Structure formats: structure tokens, C-alpha cells
Amino acid sequence: MAISLPELPFAKDALAPFISANTLDFHYGKHHKAYVDNLNKLIAGTDLEKKTLEEIIKITAQDPAKSGIFNNAAQVWNHSFYWQCLKKPGSGPPTGKIAAKINSVWENYEKFVEELKNAGVTQFGSGWAWLILDGDQLKITKSANADTPIAHGQKPLLTIDVWEHAYYLDYQNRRPDYLASVIQNLINWDFVNANLG
């Protein structure tokens, strides 16, 4: 089964002014699509061709000989997940179960925001900032390059892409401003709550 590029869950201009249609043209239309195309070429004719994306990630995660497959598969998964984490401007603070869990771990939403933003700012080079469940523990983590929590038995609830292609056209080198904009305006807390179960 070929791995496909999922449709964006919003129009390309829906996240403006915080993430522009121009950024999404490149980020989704070029970068995400390239990971899908590369992965399909790499798994064509192999036993991985009939596996799901998650299975491919788990099978290749600890195999240095398959790092090219892992990197492309994980980037496809991470990006598909990231788009679901975003919604039209106006998200505001979380509600529902996730709000209560955040308050129980960080005392308040402001401390949570500070730690999530810090995870993204301090990720050296390319990578991701995550809110995950590690067992039943709610944690903020970061990962380099294509690495993903699902390769480590953790459950992702939310991610923010901090590769330069996610923000450079809109924010240049101002990664902290990009992170603040996404956290304050674009997080899809309904999706995060659905992941929490």
C-alpha cells in the first residue's frame, strides 16, 4: 500500500497571519510531499511496502541500515500529526481534560506555555517540541530531526515543528516568535483532548 500525502485539515490561508499560505505552499506542498515521495521510492518492492506508516517507523527506528527509510517515514508521520495540531486562529488556552491535566502537572497554563516554548527554542538545529504521555505521565519533550515519540513507545498529544522550513518565510530567524504565535493562536485543543482519550 502506497503511503499517501493527507489533505490539510484547513485551507492554505486559514492560519494567516501566524502561518502564511506561502509557508504552507512550501512546507506542505514541497517538504511534506517530498518525504512521502521519497518513502514510497525507498520501500517499493520491499517487505515494508505493505506495512502501515507506524509499523515502518517502529521496524526501522533502531536499524542504522534503514535510517533513510526511518527519517522519511517519521517525517511523514510527524508532519501529518502537526497539521492536525493546528486550527484557525483563536485557540486560546486549553479546555476539557487536557486543561485539568496541564494544571495538575504545571500548576497553571502560563508555566506550561513557558516550558513548551522553551523546548522548541532550545532544540538545537532541526526538530520538534512535543506534549506526550509517557505511560500515564504528561511530559513536554523535544526531538531532533525526524525522531518521533512513537518510536519510543510514547503517545504524542501535540507537536510543534521547529525545522526552519516551518517558520523561516514568516519569521526568519525568530523561532521564539513563531512558537509564541502558534501556542497562543493556533493549537487545536480539541485534537489534543481526542488524543488524550
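The values are calculated or read from the model by the stated rules, or taken from the named source; none is laboratory data. What you see is a predicted model; the values in this text were computed from it and never measured. Here the Cβ positions follow ideal geometry from the backbone for every residue, glycine too, while neighbour counts run over all protein chains shown.
Does segment 151-188 hold any residues that are of a type in the set (A, V, I, L, M, F, W, C) and either assigned to a strand (DSSP E or B) or surrounded by fewer than 19 Cβ atoms within 10 Å (Cβ to Cβ) (or both), and which are they?
Listed by number, the residues that qualify are Leu157, Leu158, Ile160, Leu169, Ala180, Ile187.
All but one of (1) assigned to a helix (DSSP H, G or I); (2) out of contact with any Asp or Glu (no Cβ under 6 Å at 6 or more places or on another chain); (3) crowded, with 18+ Cβ neighbours inside 10 Å hold for Tyr82; state the number of the condition that does not hold.
Single failed check for Tyr82: (2).
Is it the case that Ala2 is surrounded by fewer than 15 Cβ atoms within 10 Å (Cβ to Cβ), under 23 Å from Ala151 (Cβ atoms) and either outside the structural domain of Val76 (by TED's automatic domain parsing) or hydroxyl-bearing (Ser, Thr, Tyr) (or both)?
yes
Does Ser126 satisfy the condition of being under 14 Å from the mean Cα position of the chain (by Cα), within 23 Å of Lys33 (Cα to Cα) and surrounded by fewer than 18 Cβ atoms within 10 Å (Cβ to Cβ)?
Yes: the conditions hold for Ser126.
Please work out which residue is nearest to Ala14 (Cα to Cα), limiting yourself to segment 69-121 and to residues that are without any contact (Cβ under 8 Å) to a residue 60 or more places away in the chain and in contact with a Leu (Cβ under 6 Å, 6 or more places away or on another chain).
Looking at the filtered set, the residue picked out is Gly120.
Among the listed residues Ala144, Ala151, Ala119, Ala166, identify the single one that is at pLDDT 95 or above, more than 23 Å from Lys33 (Cβ to Cβ) and not polar (S, T, N, Q).
Ala119
Name the residues in segment 17-55 that are free of Cβ contacts under 8 Å to residues at least 24 places away in the same chain, in a helix (DSSP H, G or I) and farther than 23 Å from Gln172 by Cα, would you?
Asp37, Lys41, Asp47, Leu48, Glu55
Every residue in segment 47-57 that is closer than 17 Å to Ser80 by Cβ and surrounded by fewer than 16 Cβ atoms within 10 Å (Cβ to Cβ), please.
The answer is Thr52, Glu54, Glu55.
Tell me, please, whether a residue that is farther than 17 Å from Gln75 by Cβ, among the polar types (S, T, N, Q), without any contact (Cβ under 8 Å) to a residue 60 or more places away in the chain and in contact with a helix residue (DSSP H, G or I) (Cβ under 9 Å, 6 or more places away or on another chain) can be found in segment 131-139.
Taking every residue of segment 131-139 in turn, at least one turns out to be farther than 17 Å from Gln75 by Cβ, among the polar types (S, T, N, Q), without any contact (Cβ under 8 Å) to a residue 60 or more places away in the chain and in contact with a helix residue (DSSP H, G or I) (Cβ under 9 Å, 6 or more places away or on another chain).
Would you pick out the residues in segment 129-140 that are surrounded by fewer than 20 Cβ atoms within 10 Å (Cβ to Cβ) and touching a Ser or Thr at 6+ places or on another chain (Cβ under 9 Å)?
Answer for segment 129-140, where residues must be surrounded by fewer than 20 Cβ atoms within 10 Å (Cβ to Cβ) and touching a Ser or Thr at 6+ places or on another chain (Cβ under 9 Å): Asp134, Leu138.
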